[in-house]
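Everything below concerns the one structure shown next.
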Amino acid sequence: MLFDHHNDEPIRVLTDAESWALLDNARHGRLATAAAGELDIVPINFKASGSKLYLKTTPGTKLAELTIHPQVAFEADGILQDEAWSVVIKGTARVLEHSDEIAEAEAVGVETWLPTVKSVYVEVTPTTIAGRHFMLGAEPEQTTARDY
């Protein structure tokens, strides 16, 4: 996806729609959870659909943590030869339990990395989404002297 950077600034703040468009084509991210005073961050498969994220997982630490404390953060990014992007979502996670919700999540088609059975679907409803696009390159030379 090509983004126009005003005045060739190396960092461009993305609109919500641009951020969701990037997430629509990404499949891997990191989920941050917090419970009992502990922070955790794990790689996770996801699929964006309808301004929500869907995760497919197994019972374990991350599932227990988001059940105890449903506020989560999520980040996905992409790095190419001369550009990169990052999207961060903060929101509320919940385990899907009703058959109609699970069927809807299954229809989204979350693909997993590992050949293991993942039977639990989680939906993340964002409270905020923030995306940035970067033009990569070398650090510019400093033009002013520094006093130390």
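Here the stretch 55-145 is treated as a sphere whose radius is the Kirkwood value from Cα pairs; by Stokes-Einstein at 20 °C and 1.002 mPa s it diffuses with a coefficient of 135 µm²/s. For the options G29, G37, G137, a Gaussian network treatment of the chain with springs between C-alpha atoms closer than 10 Å singles out G37 as fluctuating the most. Computed extension length for D24-T127: 35.3 nm, one decimal, from 0.36 nm per residue of separation with the Cα-Cα distance subtracted. Of the accessible area of the chain, with the probe set at 1.4 angstrom, what percent is carbon plus sulfur? Here carbon and sulfur together make up 54 percent of the probe-accessible area. The lysines whose alpha-carbon is closer than 17 Å to the alpha-carbon of K118, local same-chain residues fewer than 8 away aside, are K47, K56, K62. Heavy atoms of the protein chains alone define the surface here; on that basis the chain has 64 Å² accessible area per residue at 1.4 Å probe size. Between E106 and T143, the simple label model (points 7 Å from Cα in the Cβ direction) yields a spacing of 6.1 nm.
Obtain the radius of gyration and the Kirkwood radius of the stretch 1-123 from its C-alpha atoms and give Rg over Rh. Provide the component values of the computation, followed by the final result.
On the way: Rg = 15.7 Å, Rh = 15.6 Å.
Rg divided by Rh gives 1.00.
Of I44, I129, I79, the residue with the greatest mean-square motion in the GNM of the chain, using alpha carbon springs below 10 Å, is I79.
Using 0.36 nm per residue and subtracting the Cα-Cα separation, the extra length available between I41 and K118 on full extension is 25.9 nm.
The values are calculated or read from the model by the stated rules, or taken from the named source; none is laboratory data. A quick note: this is a predicted structure, and the numbers were derived from the prediction, not measured. In this analysis, Cβ positions are derived from the backbone assuming ideal geometry, glycine residues included, and neighbour counts consider all displayed protein chains. Just the protein is used for accessible areas: all its heavy atoms, side chains included, with ligands, DNA and RNA removed. Shrake-Rupley method; radii C 1.70, N 1.55, O 1.52, S 1.80 Å.
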